[in-house]
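What follows is calculated from the coordinates using simple rules that are stated; it is not laboratory data. None of the values given here were measured: they were computed from a predicted structure. Positions of Cβ are generated from backbone atoms using ideal geometry, with glycine treated the same way; all protein chains shown enter the neighbour counts.
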Amino acid sequence: MEKNTYRKLFWSTFYISAFTFGGGFVIVPLLRKRFVDDLKWIDENEMLDMIAIAQSSPGAIAVNTSILIGYKVAGALGAALTILGTVLPPFIILSVISFFYAAFRDNEIIGALLKGMQAGVAAVIAEVVTSMGANIIKEKNTLSTITMIAAFTAVYFFKVNVVLIIIACGLLGALAAMYRKRKKLREVQE
Amino acid sequence: MIHIMLFWNFFQIGLFSVGGGYAAIPLIQSRIVQINNWLTMTEFTDLITIAEMTPGPIAINSATFVGTHVAGIAGAVVSTLGFVLPACIIVMTLAFFYYKYKDLTVVEGIMSGLRPAVVALIGSAGATILLLALWGEGAAGFNLSGLNYQSVSLFAVGFFVLKKFKPNPIYVILGSGAVGVIGWLFNNLAV
């Protein structure tokens with residue numbers, strides 16, 4: 001494995017982690033952009049599978065996705081590097097802040113900075129979601145398109161537990177795949 | 001002894017927080033505030049505010065904050081390690097099975113069912129952040145008066161630039177932050 005690969009793994013996750021405010025689903029689109037679009041180390045579908053695995057495991061989704069990316073690209077050492085890259089920025093920042101947190105919390109300039117960055121983060125996620133959604137629709141698989149819309153409605157409007165959605169969609173996908181396979185077998189027999 | 005306690009408590013938080021960031025908050029609260037009295041409820045609320053204002057997963061932020069508070073930097077290190085370890089073991093195990101069996105019809109089917117769901121989950125998180133960014137906290141609905149025009153312009157320009165020029169997203173985020181600060185300075189320092 002090239003030395004450069006390790007360095008890129010660490011610094012990519014470090015930068016992304018340092019600039020992502022908010023929950024795990026904020027960092028995931030950025031990871032996808034870096035590793036799928038820029039570096040082309042992982043393909044789109046595999047990335048989505050990784051996110052699904054990360055979401056189904058306990059812990060922080062950002063850390064879990066990083067582990068999977070590192071493991072896939074460079075094995076156990078790669079995973080160790082991406083964990084470090086993801087964990088270090090919040091670790092350093094929080095250690096510093098915890099010593100003078102009241103001043104930080106009430107500082108208006110920091111508030112303005114964060115408010116501006118929030119709009120930028122929203123733009124980044126919107127861009128990634130529209131291109132990912134377009135990819136799903138382009139597959140021309142009605143079931144996938146319906147699943148996507150239904151899952152969004154359930155999570156966003158009805159606040160359904162994410163774990164339930166993951167289980168339901170996984171089951172649905174498994175059933176559909178077995179049905180397709182059986183149909184194909186029957187056609188072959190006839 | 002306190003280090004082992006920190007490690008063990010965050011190990012349990014890491015093991016049982018399924019479903020991402022916010023799902024971990026009640027668990028952290030019960031372990032840190034109620035059971036071990038490592039933080040008061042006010043300190044805990046401050047922690048959540050800070051965790052939302054700073055980058056990184058809420059649980060990692062909490063582990064660092066609580067660890068530093070209770071036992072200095074060493075405390076922060078063991079707490080963070082404790083939180084990450086269970087995820088590491090479970091994710092690697094799942095990854096092992098995924099790469100071994102991903103060509104099986106059932107596994108392939110499960111994954112193809114999950115892909116659109118994952119896009120939907122990211123979309124939902126994106127919509128929440130978008131509303132928060134454009135209207136601010138506790139927005140009543142889509143009323144035009146509460147709209148923050150600076151955020152709307154930043155969002156629109158950022159989205160356009162990303163689609164058109166495909167820059168590194170971090171520059172868009174940093175640029176928006178800089179405009180936020182300039183806007184504040186302009187409003188507060190201009191006579």
- prompt: Does chain B come out rounded, prolate or oblate by the C-alpha gyration tensor, with a ≥ b ≥ c the root eigenvalues, rounded set by a/c under 1.5 and, if not, prolate when a/b is larger than b/c and oblate if not?
  reply: oblate
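Starting with the fewest neighbours, write out B:PHE11, B:PHE96, A:PHE35 ranked by other beta-carbon atoms found within 10 Å of each beta-carbon.
Details: B:PHE11 18, B:PHE96 11, A:PHE35 27.
Result, fewest neighbours first: B:PHE96, B:PHE11, A:PHE35.
Treat the count of other C-beta atoms within 10 Å as a stand-in for reagent exposure and order A:VAL128, A:VAL36 from fewest to most.
Values: A:VAL128 22, A:VAL36 19.
In order of increasing Cβ crowding within 10 Å: A:VAL36, A:VAL128.
Which whole DSSP H helices in chain A pass both tests: a Cα extent of 20 Å or more along the axis and a mean Kyte-Doolittle value no lower than 0.5?
Values: long enough: A:3-18 (23 Å, -0.41); A:61-97 (34 Å, 1.78); A:108-138 (45 Å, 1.18); A:162-189 (41 Å, 0.80).
TM-like helix candidates: A:61-97, A:108-138, A:162-189.
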message: Using the basic label-point model (7 angstrom from Cα toward the beta carbon), what is the B:LEU131 to A:TYR15 distance in nanometres?
response: 3.3 nm
Shielding of B:76-87 by partner chains, average beta-carbon count, 10 Å: 4
task: Excluding residues fewer than 8 places away in the same chain, name every one of the lysines whose C-alpha is closer than 20 Å to that of A:LYS33.
output: A:LYS8, A:LYS72, A:LYS138, B:LYS163, B:LYS164, B:LYS166
- prompt: Does the protein assembly as shown come out rounded, prolate or oblate by the C-alpha gyration tensor, with a ≥ b ≥ c the root eigenvalues, rounded set by a/c under 1.5 and, if not, prolate when a/b is larger than b/c and oblate if not?
  reply: oblate
message: If R₀ is 25 angstrom, what is the calculated FRET efficiency for the pair B:TRP8 and B:GLU43, using the beta carbon separation as r and rounding to 0.05?
response: 0.75
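Take peptide A:66-76, look around each residue's Cβ out to 10 angstrom, count Cβ atoms belonging to other protein chains, and average those counts.
Numbers: counts 1, 7, 5, 0, 0, 6, 3, 0, 0, 0, 2.
Average neighbour count from other chains, rounded to a whole number: 2.
Say R0 is 41 Å: what FRET efficiency, to the nearest 0.05, do B:ASP103 and B:PHE165 get from their beta-carbon distance? Intermediate values should be presented prior to the final figure.
On the way: r = 39 Å, r/R0 = 0.94.
The calculated FRET efficiency here is 0.60.
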query: Among all the aspartates and glutamates, which ones have a C-alpha under 20 Å from A:LYS183's C-alpha, if same-chain residues fewer than 8 places away are not counted?
result: B:ASP103, B:GLU108
statement: Among the DSSP H helices of chain B, those whose Cα atoms extend at least 20 Å along the helix axis and whose mean Kyte-Doolittle hydropathy is 1.0 or higher are B:2-16, B:58-101, B:105-135, B:149-165, B:169-189
- request: Rank by packing, highest mean first: peptides B:35-41, A:41-47, with packing defined as the count of other Cβ atoms within 10 Å averaged across residues.
  value: A:41-47, B:35-41
message: At 222 nm, what value in deg cm²/dmol follows for the protein assembly as shown if DSSP H runs of at least 4 each add -39500 (n - 2.57) and the sum is divided by all its residues, to the nearest 500?
response: -27000 deg cm²/dmol
task: Count, for each residue of B:38-51, the Cβ atoms from other chains sitting within 10 Å of its Cβ, then give me the mean as a whole number.
output: 2
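Within 10 Å of each residue's Cβ, count the other Cβ atoms and sort B:ILE28, B:ILE170, A:ILE125, B:ILE4 from fewest upward.
In order of increasing Cβ crowding within 10 Å: B:ILE4, B:ILE170, B:ILE28, A:ILE125.
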- prompt: Does the stretch A:3-138 classify as rounded, prolate or oblate by the C-alpha gyration tensor (a ≥ b ≥ c root eigenvalues; a/c under 1.5 gives rounded; else a/b over b/c gives prolate, otherwise oblate)?
  reply: oblate
